[in-house]
Structure formats: C-alpha cells, structure tokens
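Below: one structure, written as structure tokens.
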There are 2 protein chains.
Amino acid sequence: MMQLTWDIPTRLHFGKDCIQKLGEIISSYASNVLIVTGANSSKKNGSLNDVIDQLKRYNIKYHILDKIKSNPRVEEVREGILRAKKENVDAVLAIGGGSAIDSAKAIAMGYYYDGDVWDFYENILKPFKALPIVAVNTLAATGSEMNGTSVLQNESRQLKISVRSTILFPKDSFCDPTYTISVPQDYTIYGIADIIAHLWEAFFGMGEATLSDRFGKAIFDEVMEFGPQLIDDLINYDLREKIMYASTCALNGITIMGKKTGDWGVHAIGHHLSLLYDVPHGASLSVVYPIWLKWLQNKSAYGITKFGLTYFDTEAPDETIDKAIESFRSINAPIKLEDLNIKNFDKNYFLQLLINNKASGAIYPLNESDLKWIVDEMVK
Amino acid sequence: MMQLTWDIPTRLHFGKDCIQKLGEIISSYASNVLIVTGANSSKKNGSLNDVIDQLKRYNIKYHILDKIKSNPRVEEVREGILRAKKENVDAVLAIGGGSAIDSAKAIAMGYYYDGDVWDFYENILKPFKALPIVAVNTLAATGSEMNGTSVLQNESRQLKISVRSTILFPKDSFCDPTYTISVPQDYTIYGIADIIAHLWEAFFGMGEATLSDRFGKAIFDEVMEFGPQLIDDLINYDLREKIMYASTCALNGITIMGKKTGDWGVHAIGHHLSLLYDVPHGASLSVVYPIWLKWLQNKSAYGITKFGLTYFDTEAPDETIDKAIESFRSINAPIKLEDLNIKNFDKNYFLQLLINNKASGAIYPLNESDLKWIVDEMVK
C-alpha cells in the first residue's frame, strides 16, 4: 500500500532566455541577494552577467560569493552564512550546478541558526527555517534545482552527507540549456551518469510504486536516446535541452512518490571517492554501480530480477548487469576504478572510512563484509 | 525548442487514511469553510463524515452545499458563491470527483468577483484571486484535484467550457482510494476512459516534448495493466490505488510540460454530448475518440503515425485505430454512440450546436465540414 505526499513547491522556469524573467519574478520577495557561485564557469557561460543585468534592472542589491568548488565544502558555506548575515540579505541565489545550489541551500538555512550549519548534516537538528532560495542551474546533473536536498562535505570530519527538507526546495529555478553548452565533455558525461544513478537509486527504493518506476524508466529511455548523441555533439542545443530537463525530473520526486526512500547505497560509497580523491560525483557513481549490482545479484534475486525486467527486459542477472554497464559505456562514463586515474588509491583506508562512516543503503544495507567485498571488487 | 513553467503548487496527500491529516493541515489557513459536494456519494462512502470529524476536531466552522450534480452547472455555483459570501468563509472544501472540485474552484474565484462567475468561463476576464481550495477526491477521473482547471456547463447558454489558472490549483488535496471503492462499475469505467483521453489530448498537443510524451505513455501502460483488472474486481484496494494515482498524474501537468497546450478537440465534442444528453464525461470521450482518430487519419499522416509509434508500436494507421479502440474496449467503455442509449439523438441539432459553439482542437482545428464528417460517422 502506497502513502505519499507530493509537495514540490519549486517553480521551474525552463527554456532559452528564461533568465529574462528572473528579475521580475524574484523582485516580489528579494531586494538584497547573496549570489553563490563558482570561480569560473558562471563567468564563462555568461550566466553571472545575465543574472546581474536582471538584478540591476529590478533594483535588487547583490553580493557575490564566487568560490564554491565542485564537491562543495562546509568551509565556503560558513563563510557564505557570515556574509549573508553581515549584509542582511533576504534571498540566496545560486548560479551553477549542484555544488552552487547545495551550498546556497546550506547558507539559506544557516542564516537562521546561531550554531554551526554542519549540525543539520549530522542530524543534530532538522532544518527549521530558510531564506528564499533561487537557483540558476547551469549543469544537467544533480537535480538540486528542484528538490530539497543539499550535500556537503566536511574534510576535517571526513564526511560527505546530505540533508533533506521541504524548506530547502528553491522557490524559483531557472534552467536555460544555453548555459550548459560550454560544459566540457567529461562533466557532461558525469552529469548523465548522475541522472542514471538517481533513477536507479529511486528504483531500488522498492515499494510497489509501479507508476513511479514507470516514470523512472521513461526518463532513462529519454537519456539513453539523447545522451550518447550529446556526447558527440556537445554544442547541440536541442540535445542539451533534452538532458537538462531529464536531469531535473530524475530527482524532483516523481520517481520516488509512494516509496519511503531511495536506496542510496551507491551514493554512500561514491561520496567517499569524492571525499578522499576529489572524484567528480557522477564519475564515482558509474564506477560503483556495476560492482554494487554484482553484489546485489548475490544478495537479492528479487531485486536484480525486478531491475532487469523493468529496465532491460530480461530476467537474467548477468545480462542485466551487462546492459547496465553498457548504459554507462554508451555515454563513455568511467566504469572501473582505474578509469578514474586516482593517484595512490589506498584500498584499506578507503574501506575503513566506509566502515567508520557506516556507508550503507536504506533498503539494501551494507555491513562490513559487504563493503569489503565491494572494495575488493573495485580494485580487482 | 521547449519552453515550460512547472508550477504545480498543490500538495497532494495520497493514501489510506490521509484524511486524518486534513484538520491539522488546513487549520493553518482555514477557520470557516464551505463544503461543496453532491447529494449522495460523499455520504455513502463516508468521506463527508470523516471530513466533518476533522473539522470539528480542529474547531473549523463549516457550511454544506450538497447539491452538486455530475456535469456541474453554473446555477449551483452561483448559489455557492452567495453562500460563501454570506457566511464569510475563508476556504472552499470540495468532496467528490471533478464535479465537486470544479464547482469549488468556481466558488473560490467567484467569491472575490462582484459580477457573474460565468464571465470567467466566457473569458470576459481572467481569474484574479481565489479563496484557498481544498479537495477531498473520491473519484479517479478528472485530475481536478491537482490542476488549475474548472469546467462548468451553462444550459441557458448551451455551453460547457473550461477555465484555467494557477490560482485555481487546490492548496491541499486528499486522495484516499478507500472512498473510490464504492464507485459503481460504470463510473469506474468512465473515469478510466477519462484518464486515457487526458493522456491523448496532451499527446496530440504535439510539440517535441519527448519526455512529457514518455510520461504520458508510462501512465497509459499503468492504466492498461491495472484498469481492466479493476473493472472485474471493484473492491480491490490496491487496484483502486493504482488507478487513482494514475488519474491525478494524467492531468497534473507532467504530460504537457513543454507543449503550449493539449489539443482538446475530442473534449470539445464530448462536452456537447454531456450538455445535451447528460452523457457522463468519460463515456462521451471514449465514444468520440475512435471517430476523431479516423478523422485524423485523413488529416495528418504525421499525427496518426507518431501516435501509433508512441502508443502501439505500429506505423499503420488502421492498426493504430484498432488498438486505440481496443484500449477502451479492454475496460468495457462505450465506443459507439448507440452504446450511450441516448433517447432521441438529434443529429442536426447536435451538429449545429458544435458549429455554433466552434467546437475545435487547438492543434487540429475542426471546421464545419470536419464536424459534419465526425457527426456523420457517429451515427453510422
């Protein structure tokens, strides 16, 4: 039996030049914003200038924090919170991909909290209030522009954790595929790998949410039709558009309605590759998934069979895994640890950290011997 | 190129006993509500009592308008508006299917307007403000519980028209499949026919919104898997649940994102069967669709071919139409005019009214000779 609450408050403005509506739309609730972005790409792709034009046109004051990195860290967020408090902003505006948007969410909730924002991530308290969040998405990947999740890493604590709350949904998100045209091939690939991984994490959340599973498969079909084409034709607007909209739908909630949660075991492992070796998020997932599926094959005949039937029209686990790998291969995503070119991969340290941090899935829990099996397979 | 705004503000509370959250949730904005419902079913299925229990528990005052009919009319809505003004309510709470919910939407916007509410339907002015709308949905069909559309008929004007606005989305909707278990077989069938018709109207809206089309097909597959089973097992909760969630998703916007509009030509014709002969909405659609598809076959090779490829994996128009008819037949929906048992069907009057009211589709316009062809086919 299915219980669900569909509560997706974000207004998504999607399409060429949608940014031209930004000033008018946000001026109803924002008069002084903190722009949260990275050092380079929002300057290169023109989005920062376009946003500033809009803000000026509507007399919205702004301040810029332009030091968010890929795999965003709590340090920059803390700086952003101080800045937001000092400037007394009334909204946080992210420009970028998941890193900028997740950081903006953290700043928006940290603004109202006197303690350390990291407390939300370690579940010491739940998010209780946040400034309005605006997202100008420039990367098709995480879906953060239309969900209530923020993922940060804390290097001193050696943790990369997500927090989720309805109050962390952006109020308005603007997705103009034009800004993604300058994304290089590797990050385009990682973004698509991330989309696929989101669909599968939701699928393995199980529960008999048949229609949600069908929506997930629909997005997968879309990505498998247009993703491989895009990799060979990076400046094709129409293909950028297809992948950008798919990435939003892959994690805005429609693939998970009626399930209590996704599994997220692959993400839990992948996050540690990012944490220790700064592996791009999507790349970590396409490397871990094939091995996790092999692990699942030994663990749950039901799980792997249902996956095969839903996604690849086969009951045979080996064929299912081959086809899953083929999905990643079709977009040239890394599928083996060696593809990541990690210098000095320390297998024992990596495993110990997974164990210490209790890396696991919600539906398919990973105990120490499971993690050991997976790490052994990774280095084989 | 695709432009879209995803703005679906309704919070959907779905599942067994979700009504138990109603009082707490709506008490944050409602203290005095007008309940809008029909004369019978909400008493029979227990939903009215359950709602009243909740309202009492949270000290929310209420007034009841329990005379909404299937194919709702502007007369009852006008009465509801007077009542809402007199009692100075702060929310309108529908209990029922599309008829009750559409009427509640009309009352909610009519409350703030001194003129006749029908003006909104004839597009004399746009909806500008509405009371908060709450929906307790008890019929899987129209999807009105999660969209901004209201359809009313006006017998003196011989019109049945829809109006659409973001302000007409219910604020909170509660869908407990339990309430649909007592829906008789015929109305269960009409509801499923309505779902299918919504998917196809969106599909024929065209535009290259490939992912939206995939979502539509996903819902169709869900309905074709569980709909025929439900017809033979009306008290099966799990099947009621599948169809109820599918009905919401079929018209909450996700199948139309990136398209400017659906076609709605079949609805335009079907509405006139309801207007003149009180034909249930879904029944009118399953009768008109087969003929409209035959008409389309002569009109647009592209349209019928794309439909066949997307829905039935065939390029052959005849096979496509056969399979479309088979879809309706699989749920025992009426597919011919004679199945509707209309007494004294006046072909010429019906055609003249279609012509006078300019019944047409947005993408596939219907001129007089098109309408004549369609009506001739209907009576063949």
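The values are calculated or read from the model by the stated rules, or taken from the named source; none is laboratory data. As the structure is a computational prediction, the values presented were derived from the model and not from experiment. So basically every Cβ, Gly included, is an ideal-geometry build from the backbone, and we count neighbours across all protein chains shown.
Summary table below
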item: Subset of region B:254-266 that is touching a helix residue (DSSP H, G or I) at 6+ places or on another chain (Cβ under 6 Å) and under 22 Å from B:Arg157 (Cα atoms) - its residue that is surrounded by the most Cβ atoms within 10 Å (Cβ to Cβ); result: B:Val266
item: Lone qualifier among B:Asp370, B:Asp346, B:Asp339 - being within 30 Å of B:Asp232 (Cα to Cα) and in the same structural domain as B:Ala209 (by TED's automatic domain parsing); result: B:Asp339
item: Options B:Leu285, B:Leu251: the member that is assigned to a loop (DSSP other than H, G, I, E, B) and buried (at least 23 other Cβ atoms within 10 Å of the Cβ); result: B:Leu251
item: Breaking point among (1) touching a residue at least 40 places away in the same chain (Cβ under 8 Å); (2) under 23 Å from B:Thr188 (Cα atoms), for B:Lys323; result: (1)
item: Residues (in contact with an Asp or Glu (Cβ under 9 Å, 6 or more places away or on another chain) and closer than 22 Å to A:Gly207 by Cβ) located in region A:262-283; result: A:Gly262, A:Asp263, A:Trp264, A:Gly265, A:Val266, A:His267
item: Sole residue being within 28 Å of B:Asp238 (Cβ to Cβ) and hydroxyl-bearing (Ser, Thr, Tyr), chosen from B:Thr166, B:Thr149, B:Thr138; result: B:Thr138
item: Residues being touching a residue at least 24 places away in the same chain (Cβ under 8 Å) and surrounded by fewer than 23 Cβ atoms within 10 Å (Cβ to Cβ) - total across region B:162-182; result: 8
item: Filter pass, B:Ala94 being small (Gly, Ala, Ser), more than 14 Å from chain A (Cβ to nearest Cβ) and assigned to a helix (DSSP H, G or I); result: no
item: Only listed residue being facing chain B (nearest Cβ under 10 Å) and either touching a residue at least 12 places away in the same chain (Cβ under 8 Å) or crowded, with 24+ Cβ neighbours inside 10 Å (or both), chosen from A:Ala197, A:Ala202, A:Ala246; result: A:Ala246
item: B:Leu230 vs. criteria more than 10 Å from chain A (Cβ to nearest Cβ), surrounded by 24 or more Cβ atoms within 10 Å (Cβ to Cβ) and more than 14 Å from B:Ala197 (Cα to Cα); result: yes
item: Meets criteria (within 24 Å of A:Thr188 (Cβ to Cβ) and out of contact with any Gly (no Cβ under 9 Å at 6 or more places or on another chain)) for A:Leu275; result: yes
item: Residue satisfying condition, being under 30 Å from A:Glu241 (Cα atoms), of a type in the set (Asp, Glu) and at pLDDT 95 or above, within set B:Asp17, B:Asp7; result: B:Asp7
item: Yes/no for A:Glu225 being under 29 Å from A:Glu155 (Cα atoms), part of a helix (DSSP H, G or I), acidic (Asp, Glu) and out of contact with any strand residue (DSSP E or B) (no Cβ under 9 Å at 6 or more places or on another chain); result: no
item: Residue in region A:211-219 that is more than 9 Å from every other protein chain (Cβ to nearest Cβ) and surrounded by fewer than 24 Cβ atoms within 10 Å (Cβ to Cβ) present; result: no
item: Strands (runs of 3 or more DSSP E) (entirely within region A:1-87) containing at least 2 residues that are in contact (Cβ under 8 Å) with a residue 60 or more places away in the chain and away from every other protein chain (no Cβ under 14 Å); result: A:32-37
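This table checks each residue for (1) within 22 Å of the chain's Cα centre (by Cα); (2) closer than 24 Å to A:Asn154 by Cβ.
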position: A:Phe328; (1), (2): yes, no
position: A:Glu338; (1), (2): no, no
position: A:Lys343; (1), (2): no, yes
position: A:Gln352; (1), (2): no, yes
position: A:Lys358; (1), (2): yes, yes
position: A:Pro365; (1), (2): yes, yes
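Residues are listed down the side, and each one gets a yes or a no for (1) in a helix (DSSP H, G or I); (2) modelled with pLDDT under 95:
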residue	(1), (2)
B:Ile331	no, no
B:Asn344	no, yes
B:Asn348	yes, no
B:Pro365	no, no
B:Val375	yes, no
